[in-house]
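Undergrad: A single structure is presented below for examination.
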Amino acid sequence: MSIHQITPRIGIVVAVRLAYVQVTRADAYAAAGNVVRLEDGSSTKRYNGRLRAIDQQISLGMIYDRKRIPIATSNWQELQRFRRTYEPMGIDIDKCCCAIHAIIRSARRRFTW
């Protein structure tokens, strides 16, 4: 085989592999962490900063119990709307939601338990 016959075949193989990676495996490659070596010699995984920024902008919605009472939400106004429902159950949303907020250090999700 001459070089003129091999070159198109290599091009086809490369094109098929690129299509596979970009079409069927794009999410796996974009979301995968990269191992980064730090100055002290240790290594850690770092993730795509753009994906993390997008993730923080996504609204998480609500999780309800079987009586349609929210038990987790990213919307503080929804919890306040159900304040009178929580009071007979002994749940003070000001105390429990602030405590959970301090533990997880994120305002994205508030739990009523």
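Values in this text are rule-based calculations from the coordinates and carry no lab data. Quick caveat: nothing in here was measured; it's all calculated off a predicted structure. Backbone-built Cβ (ideal geometry, glycine too); neighbour counts: all protein chains shown.
Undergrad: Has region 49-60 got at least one residue that is in contact with a strand residue (DSSP E or B) (Cβ under 8 Å, 6 or more places away or on another chain) and surrounded by 10 or more Cβ atoms within 10 Å (Cβ to Cβ)?
TA: yes
Undergrad: Look through region 50-95, keep the residues that are among the basic types (Lys, Arg) and over 30 Å from residue 27 (Cβ atoms), and return whichever of them is farthest from the chain's Cα centre (by Cα).
TA: Looking at the filtered set, the residue picked out is 84.
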